[in-house]
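Step one of this worksheet: look at the structure below.
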Amino acid sequence: MADQKRLFLLDAYALIFRGYYAFIKNPRINSKGMDTSAILGFTNSLLDVIKRERPDHLAVCFDKGGSVARTEAFPEYKANRQETPEAIRIAVPYIEKILQAMNIPAVVKAGYEADDIIGTLAKKAEKEGYKTFMVTPDKDFAQLVSENIFMYRPRFGGGYETWGIPEVQEKFGVERPEQVIDFLGMMGDSVDNIPGLPGVGEKTAKKFLAAYGSMENLFKNTHELKGKMKEKVEASQELGLLSKDLATIMLDVPVEFHQEDFEMCMPDIHATKEIFNELEFRRLTDNFEKTFAPPEESTQKTETSAPVVKKPVAKSDGQFDLFAAPGTGNVTEEESSSGFKTITNTNHFYQHVNTPLSRALLLKKLLQQPSVCFDTETTGLKALEVELIGIAFSWEAGKGYYVSFPEDQGETRTILEAFRPFFESETIEKIGHNLKYDIKVLSNYDMPVKGKLFDTMIAHYLINPDMRHNMDILSETYLNYQPVSITELIGKKGKNQLSMRVVPVKDQTEYAVEDSDITLQLKEHFTKELDSGNVTKLFNDVELPLVSVLTAMEIEGINLNTDFLKELSVALSDDIARLEKNIFEQAGEEFNIASPKQLGIVLFENMKLVEKPKKTKTGQYSTAEDVLSYLAKDHQIIADILEYRQYKKLQSTYVDALPNEINPKTGRVHTVYAQAVAATGRLSSNNPNLQNIPIRTERGRQVRKAFIPRDENHVLLAADYSQIELRIIAALSEEETMIEAFKNGEDIHASTAAKVFNVPLEEVTREQRSNAKTVNFGIIYGVSAFGLSNQTDLSRKEAKALIDTYYETYPKLRAYMAEQVDFARDHGYVETVLQRRRYLKDINSRNAIVRGAAERNSVNAPIQGSAADIIKLAMINIHNRFEKENFKSKMLLQVHDELVFDAHKDELETIKPIIKEEMENAYKMAVPLDVEMGIGENWLEAH
DNA sequence: TCATGGTGCAA
DNA sequence: TATTGCACCATGA
């Protein structure tokens, strides 16, 4: 069994306490007067375990907020535990930091004790064929010991002892480890304030167990006892059983054992040592290095002798050495003897460039490259408002240059101008991370970026859309290298945040070129991964061309009628004030209506409007719209609150907020599209979000009147796909009935209603159509009977019947959905019409809730994602045609199935057919796509 | 100051 | 116990 995988689970608090008390006679105090005993004690144990055992899987488990279940059962549980010593309280955050730096997972679950977490994980790991070692001094864990679960118990005076079944049998005098629970229940535990049986200590408990085997059996046979003991035991049966319950480690904590999460990996040596340094742990640091540093590193004695080395910039101010870079500068990937993959950045060469001569030399080199990575440094985050501070360039791993710019914007333009041949080169590929940002910054200086692009953020988004795509994280994942964080340079955001301008140019160089260098190296990884994910074509033909389209749309912005919004705001304020007065009168008190907490108390405690109010997951009263709207017809105050809320929402989120988003330079609103956020392939919009402007209510819809054409020569044109998602599901499922309905141009919801309610099309009632519409949408999302009945007036039973009839009407649709789920199970992912993938790691989860969500995703993602694919294709084609024809009209917004244009009046009749044609023919399917267009003096009219 | 929960807007 | 998002407000560490 030598190759059986081993999991080590550390009981954090138990080890921390133990460490602390080990030093109690001469506590460790560092030069700042801080008691570091607990931290040192714990960290020693941790390193010890790693060094001795070299576990392949390891985690540290913490308590959080005590055990809800036990405290509920017995309020006195752990009540007489003395207050946590100061040294231990301050230790925990440090220990968390250390674990983070060492890449060791910390497991916590509010309301559960570490015992329960460890127990649950150990049992789960056992099922996966692991041997688990519970690292803890706490003997209570003995109850969990089995053939594959052991206690790994630190011995006083050093060393460890492993408790398996024989050891437990011997120590507790039991046959089976589970009997340890009876043992503990009988003798109690003063530390945890578990009462136990009065008068029963270790000896008696052992005796009882030997004789009766369990507490229950003891109680059945009390007639065999005698004297005082008989009386006592008989009188305290309830107490005994409660004690047994308290001593039982729970095995149903909602934690998952995903092997990969618990895998030991290389610590961030640099970060770990920094923390140890701060705490002044010298011996520990040595110990740590011996444990982790690969042998060749520890003998080489570089500056920090760690696998991740950050050296100062080589010759960053000697601009005349520009191309005399030492040939040693390189980044190598190697398998160290410890088996950890590390990147050793031995001697990178990053150079600052700030003279005309060096810039000329750099440009000459740039123009010789087939492909170059660049990254801009700026004064802020809003690409269209910031100034350029520097640009880093790199084309060879471990090497790069940083061109800095002065504050004078005229000079900046002049310097930048020299690089025009590079940026405008059609043949040099431009690599970057979130290139849209850099291209927008350069556009502030009228510097276009041409040629093929390679965006590592988008590449990774296609490789795995569910993950995060920060460069820092990607670097750590793919290069095992932790880059200098921007926070290290300029601090956390807030009023104390520095501008990049005041960072020494040497540090700017280091930071900026490193980012560019990393991005360049990521490209190599991603080129391969795009291929293995079969998304290279999607990347090259859709996502990368889209970067330029979105850039243009964002730069364009949209015009806003602020005067109109001001009036709207005043009108809303009036109504809000009136409603607020009414609400306070009806409630008989004043309170903050916007506070769900206060509102809940007023409605459900003070006014007692409902018998059993619905609660949220945190135990507050729910005051959500779908809850309150049931009550609105019986209680005027509820109706008023809902109206109040609606107006407040409109005012704060739209009417008052939008004018603040106007760019002072252009006078227009420039949203930012996120191309790598939505897991399905959709875009998202922010700062401001222009994809959720109200339309459903009359009052909300008014906000759309504020979006107006550029000037009197333009109108707004809105073009939207009609029912694109239903058309896609019809086409993909090859459901003839539905396809025919679309081909015949029928109203799909009415058509569905006619079929499921079995009435002629012309006799479909409003209600029937509405219910059919809800089901049509629900199908796309994977609705349940419960969900449908919540959304409609139908009962659960009626909802179920409706869904059943729906599937009978469209049998192939149901088959298609099942196919998607099967595909996901087999392949671990689903894909869209353009082979965009979404991985569904939970599709085979044992947890039915988690699995259900993954199953719904396997149906929904291809539909939502295919719709996203199609409109992206249309956008690219429209943009290209507009460019080619040099139209004054511009595409401004995308709202998932809708495109909005500033249409020049003279071009209107030319562009209308172009837009319609490109949208409807973007992707051919068995179902025709239909686009509706409208024109108006504002966005509302354009619909 | 920041993270989180509750709420609500869109497709 | 319906998919994907973003933003506002209140709240408490």
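Rounded to the nearest 20, the Cβ-based charge dipole of region A:118-248 about its Cα centre (Lys and Arg +1, Asp and Glu -1) stands at 240 debye. Modelled this way, with points 7 Å down the Cα-to-C-beta line, the labels at A:Lys232 and A:Glu932 are 8.3 nm from one another. Between A:His433 and A:Thr456, the built amide H atoms are under 5 Å apart, and every one of these is 5 or more places off in sequence or on another chain.
Taking a straight line from the alpha carbon of A:Lys232, these lysines sit under 21 Å away, with near neighbours fewer than eight places off in the same chain left out: A:Lys203, A:Lys206, A:Lys207, A:Lys220, A:Lys244. For A:Glu377, the amide hydrogen comes within under 5 Å of the amide hydrogens of A:Ile389, A:Gly390, A:Ile391, A:Ala392, counting only partners 5 or more places away or on other chains and with H modelled in the peptide plane.
Helix A:796-809 and the longest principal axis of the Cα set of chain A meet at an angle near 50°.
Each Lys or Arg adds one and each Asp or Glu subtracts one; over the other residues with Cβ under 11 Å from the Cβ of A:Ile490, this totals 0.
For region A:558-609, with all protein chains in place and a probe radius of 1.4 Å, 48% of the accessible heavy-atom surface sits on carbon or sulfur.
Stretching A:Glu762 away from A:Arg699 to a fully extended chain increases their span by 19.5 nm, per 0.36 nm per residue minus the current alpha-carbon distance. Between A:Lys64 and A:Leu908, how high is the FRET efficiency from 1/(1 + (r/R0)^6) when r is the Cβ-Cβ distance and R₀ = 51 Å? Nearest 0.05. The calculated FRET efficiency here is 0.25.
If R0 equals 56 Å, the separation of the Cβ atoms of A:Leu225 and A:Lys537 corresponds to a calculated FRET efficiency of about 0.10. Of all DSSP beta bridges confined to chain A, the antiparallel ones make up roughly 65%. Site pair A:Glu429 and A:Glu96 shows an inter-label distance of 4.3 nm when each label is modelled 7 Å from Cα along Cα→Cβ. Structure note, pairs A:Lys773/A:Lys800; A:Lys566/A:Lys890; A:Lys440/A:Lys665; A:Lys51/A:Lys290; A:Lys32/A:Lys290; A:Lys382/A:Lys888: Cα-Cα distances above 18 angstrom occur for A:Lys566/A:Lys890; A:Lys32/A:Lys290; A:Lys382/A:Lys888. Taking 23 Å as the straight-line reach from the Cα of A:Lys364, the lysines in range (excluding those fewer than 8 positions away in the same chain) are A:Lys315, A:Lys399, A:Lys430, A:Lys450, A:Lys452.
To the nearest ten degrees, helix A:724-733 and the longest principal axis of the Cα atoms of chain A are 70 degrees apart.
Net charge dipole, chain A: roughly 1940 debye, given to the nearest 20, about the Cα centre with Cβ charges of +1 for Lys and Arg and -1 for Asp and Glu.
Using the Cβ-Cβ distance between A:Val850 and A:Thr355 with R0 set to 45 Å, the FRET efficiency works out to roughly 0.15.
Computed over neighbours whose Cβ is under 12 Å from that of A:Ser889, the net charge equals -1, Lys and Arg +1, Asp and Glu -1. Computed over region A:724-862, the Cα gyration tensor eigenvalues convert (square root of 5λ each) into semi-axes of 27, 19, 10 Å, ordered from largest to smallest. Taking 0.36 nm per residue of separation and subtracting the Cα-Cα distance, full extension of the segment from A:Ala110 to A:Ser31 would add 24.9 nm.
Here the Karplus curve 6.51 cos²θ - 1.76 cosθ + 1.60, taken at θ = phi - 60°, turns the phi angles of region A:15-20 into couplings of 6, 5, 4, 4, x, 4 Hz, with x standing for Gly and Pro.
3J(HN,Hα) along region A:604-611: 9, 9, 6, 8, 6, 5, 9, 5 Hz, from the Karplus curve 6.51 cos²θ - 1.76 cosθ + 1.60 with θ = phi - 60°, whole Hz, x for Gly and Pro. In this structure, the amide hydrogen of A:Met250, modeled 1.01 Å from its nitrogen in the peptide plane, lies closer than 5 angstrom to those of A:Asp116, counting only residues at least 5 positions away or on a different chain. Surface exposure of region A:810-943, expressed per residue as accessible area with a 1.4 Å probe, stands at 44 Å². You can think of it this way: the chain between A:Glu585 and A:Arg420 has 52.6 nm of extra reach, that is 0.36 nm per residue less the Cα-Cα gap. Calculated [222 nm] ellipticity per residue, helices only, for chain A: -14000 deg cm²/dmol; basis is -39500 (n - 2.57) per DSSP H run with n ≥ 4, divided by all residues, nearest 500.
The accessible surface of region A:691-833, taken with every protein chain in place and a 1.4 Å probe, is 46 percent carbon and sulfur. In this label model, A:Asn790 and A:Glu274 are separated by 4.4 nm, measuring between points 7 Å along each Cα→Cβ vector.
With a cut-off of 11 Å between beta carbons, the residues surrounding A:Glu831 carry a summed charge of +2, where Lys and Arg count +1 and Asp and Glu -1. Backbone phi angles across region A:834-849, fed through the Karplus curve with coefficients 6.51, -1.76 and 1.60 (θ = phi - 60°), yield HN-Hα couplings of 9, 6, 6, 9, 10, 7, 10, 5, 8, 5, 10, 4, 6, 7, 4, 5 Hz in residue order; Gly and Pro are listed as x.
Cα convex hull, chain A: 225 Å³ per residue, rounded to a whole number.
The values are calculated or read from the model by the stated rules, or taken from the named source; none is laboratory data. Because the structure is predicted, anything quoted here is derived from the model rather than measured. A quick note on method: Cβ atoms are made from the backbone with ideal geometry, for glycine too, and the neighbour counts reach across all protein chains shown. Calculation scope for accessible area: heavy atoms of the full protein, side chains included, ligands and nucleic acids excluded. Shrake-Rupley method; radii C 1.70, N 1.55, O 1.52, S 1.80 Å.
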